[in-house]
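Chemist: Got a structure for you, written out below as structure tokens; questions coming shortly.
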Amino acid sequence: MRKTVIAGVCVGLGLVSAQASAQLAVSSNDHKIKQENGVNKNVANPPPDSITVLDLGTLPVKVLGTVDNVPGSVVGPPLSVAITPDETLALVASSSKLDPADPTKLVPDDRITVVDLKDRKVIGTLNTGPGAAGLSITKDGKRAYVANRMAGSVSILSIDGKQVALVKTVPLMKADTLLSHIALSPDGGTGVVTRNGDAKVELVKLGGDNITSTAVLDIAPRPYAAAVTPDGKTAVVASLGDPKGNGVLSVIDLASGKIVNTTDIGHESLEGMMMSPDGRWIAGVAHGGSTRPKDAPQYKPKGVVVLYRLEGNGLTKVSEAPIGGWSQGASFSRDGSVVIVQNMNEANLQVFKNDNGKLTDTGQSIPTVGGAAAIRSSTDR
């Protein structure tokens, strides 16, 4: 049974008109949680969560506006936001919320908020499943898939202009597998599902209203982010790694359904990962010890963004640079020349220039008020 979005109202603040050449990106900002000396704490009486709308088409990156009352969450992979290819809508998932009975605790959330990016306002809300986390939109902009992290299910959404509806929720696995994200092939026929709880990746066939498992692969511990190359032949999966070890990038040949390359990035906790639109670059965002207590031997004040060149099944590290603490997601401009990274602890976005594999910090820091928790551009698939 279809469930149509419920109209809502939200006013954008401090907005400027987008240029015709805009390359939109959206940062989902979690105002509910902060980290103190390696411990996550809920904020008392926080303001509503928000999104920041950006134009990556120029340097410095332009802030087009902020929309309040858009629930989001740092819990789960930093891929809980997606933009339709025509840049009409943003979908924002919220995997957790403050417990109304006890605001010191978090409980699973199931909301997907629909934002009109032209008018910068919320136009609807859907409910998918507990722990709604990573989501992806098909290249034709007609379908979206939401990973329900606390339910082991994937919800299928239809998109028709500004109308978004829940088509079906498909149970795939046990809840304790912590199904975290689903990345899509360009033709929308294959999904790459990360299972954070049991160190596996599941390949699924997508068609109509059906999701069918085709392979389950063992992978490095705590897989989170995933992306598929523009030719649909290869997937790259980012694993946070063992809690005492480094993050890992794994390359999957989708034709054979086998992992063909595994790369230790040399830094712990690979939280976020994004592939450039042309499939040439992989940006990984690692905590690098920044989420540990200051007296811990592994503590480091800064995280790290690492840049890899992807050629066939091969990954070559070409650059890395320091970033902020408890860093989350990354996003590329359409041509791959701009990389933007989220810093949760500093509540900002850090902007880098990618000059054929050389990362340079531009010095631009964009405040997000709440902690920067997830990010996607219109060409980040």
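The values are calculated or read from the model by the stated rules, or taken from the named source; none is laboratory data. Being a predicted model, the structure only gives us computed values, none of them experimental. Ideal geometry is used to build each Cβ from the backbone, glycine not excepted, and the neighbour counts take in all protein chains shown.
Chemist: Out of all the residues in region 210-222, is one or more buried (at least 18 other Cβ atoms within 10 Å of the Cβ) and more than 30 Å from residue 111 (Cβ to Cβ)?
Modeler: We begin by selecting, within region 210-222, every residue buried (at least 18 other Cβ atoms within 10 Å of the Cβ); these are 211, 217, 219-220, 222.
From what's left, more than 30 Å from residue 111 (Cβ to Cβ): 217, 220.
Within region 210-222, one or more residues are buried (at least 18 other Cβ atoms within 10 Å of the Cβ) and more than 30 Å from residue 111 (Cβ to Cβ).
Chemist: For region 323-347, what are the residues that are free of Cβ contacts under 8 Å to residues at least 60 places away in the same chain, crowded, with 22+ Cβ neighbours inside 10 Å and of a type in the set (S, T, N, Q)?
Modeler: 327, 343
Chemist: Next question, about the same structure. Restricting to region 259-272, name every residue that is buried (at least 19 other Cβ atoms within 10 Å of the Cβ) and part of a strand (DSSP E or B).
Modeler: Of everything in region 259-272, those that are buried (at least 19 other Cβ atoms within 10 Å of the Cβ) and part of a strand (DSSP E or B) turn out to be 263, 265, 267, 268, 270, 271, 272.
Chemist: Just give me the residues in region 68-115 being hydrophobic (A, V, I, L, M, F, W, C), farther than 24 Å from residue 287 by Cβ and not in a strand (DSSP E or B), in sequence order.
Modeler: 70, 101 - these are the residues of region 68-115 that are hydrophobic (A, V, I, L, M, F, W, C), farther than 24 Å from residue 287 by Cβ and not in a strand (DSSP E or B).
Chemist: I'm trying to understand the selection: among the residues of region 98-141, which are of a type outside the set (Val, Ile, Thr) and more than 27 Å from residue 65 (Cα to Cα)? Give the derivation first.
Modeler: Filtering region 98-141 for residues of a type outside the set (Val, Ile, Thr) gives 98-103, 105-106, 108-111, 116-121, 124, 126-127, 129-136, 139-141.
Listed by number, the residues that qualify are 99, 100, 101, 102, 103, 105, 106, 108, 129, 130, 131.
Let's see how each residue does on (1) out of contact with any Cys (no Cβ under 9 Å at 6 or more places or on another chain); (2) at pLDDT 95 or above; (3) of a type in the set (A, V, I, L, M); (4) within 30 Å of residue 187 (Cα to Cα):
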| residue | (1), (2), (3), (4) |
| --- | --- |
| 22 | yes, no, yes, yes |
| 28 | yes, yes, no, yes |
| 50 | yes, yes, no, no |
| 56 | yes, yes, yes, yes |
| 64 | yes, yes, yes, no |
| 82 | yes, yes, yes, yes |
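Chemist: Which of the residues spanning region 139-191 are of a type in the set (S, T, N, Q), farther than 17 Å from residue 222 by Cβ and either surrounded by fewer than 21 Cβ atoms within 10 Å (Cβ to Cβ) or at pLDDT below 95 (or both)?
Modeler: Going through region 139-191, the residues of a type in the set (S, T, N, Q) turn out to be 148, 153, 155, 158, 163, 169, 177, 180, 185, 190.
From what's left, farther than 17 Å from residue 222 by Cβ: 148, 153, 155, 158, 163, 169, 185, 190.
158, 163, 169, 190 - these are the residues of region 139-191 that are of a type in the set (S, T, N, Q), farther than 17 Å from residue 222 by Cβ and either surrounded by fewer than 21 Cβ atoms within 10 Å (Cβ to Cβ) or at pLDDT below 95 (or both).
Chemist: Shifting gears a bit: Given the conditions (1) surrounded by 15 or more Cβ atoms within 10 Å (Cβ to Cβ); (2) outside any loop (DSSP other than H, G, I, E, B), report the number of the one that residue 379 does not fulfil.
Modeler: Among (1) surrounded by 15 or more Cβ atoms within 10 Å (Cβ to Cβ); (2) outside any loop (DSSP other than H, G, I, E, B), the lone unmet condition for residue 379 is (2).
Chemist: Further question on the same structure: Looking at (1) touching a residue at least 24 places away in the same chain (Cβ under 8 Å); (2) under 19 Å from residue 191 (Cβ atoms), which is the only condition residue 267 fails?
Modeler: (2)
Chemist: Further question: Would you check if residue 256 is in a strand (DSSP E or B) and either free of Cβ contacts under 8 Å to residues at least 60 places away in the same chain or within 19 Å of the chain's Cα centre (by Cα) (or both)? Break it down stepwise before answering.
Modeler: Values: in a strand (DSSP E or B): no; either free of Cβ contacts under 8 Å to residues at least 60 places away in the same chain or within 19 Å of the chain's Cα centre (by Cα) (or both): yes.
Considered against the rule, which asks whether it is in a strand (DSSP E or B) and either free of Cβ contacts under 8 Å to residues at least 60 places away in the same chain or within 19 Å of the chain's Cα centre (by Cα) (or both), residue 256 comes out as no.
Chemist: Okay, moving on. What number of residues within region 82-124 are out of contact with any Gly (no Cβ under 7 Å at 6 or more places or on another chain), surrounded by 22 or more Cβ atoms within 10 Å (Cβ to Cβ) and hydrophobic (A, V, I, L, M, F, W, C)?
Modeler: Summing the residues that are out of contact with any Gly (no Cβ under 7 Å at 6 or more places or on another chain), surrounded by 22 or more Cβ atoms within 10 Å (Cβ to Cβ) and hydrophobic (A, V, I, L, M, F, W, C) in region 82-124 gives 9.
Chemist: Note down all Cβ pairs under 6 Å where the first residue falls in region 359-381 and is under 15 Å from residue 34 (Cβ atoms) and touching a residue at least 40 places away in the same chain (Cβ under 8 Å), the second is hydrophobic (A, V, I, L, M, F, W, C) and outside any loop (DSSP other than H, G, I, E, B), and they're at least six residues apart or on different chains.
Modeler: As it stands, the answer is 372/349, since those pairs meet every condition given.
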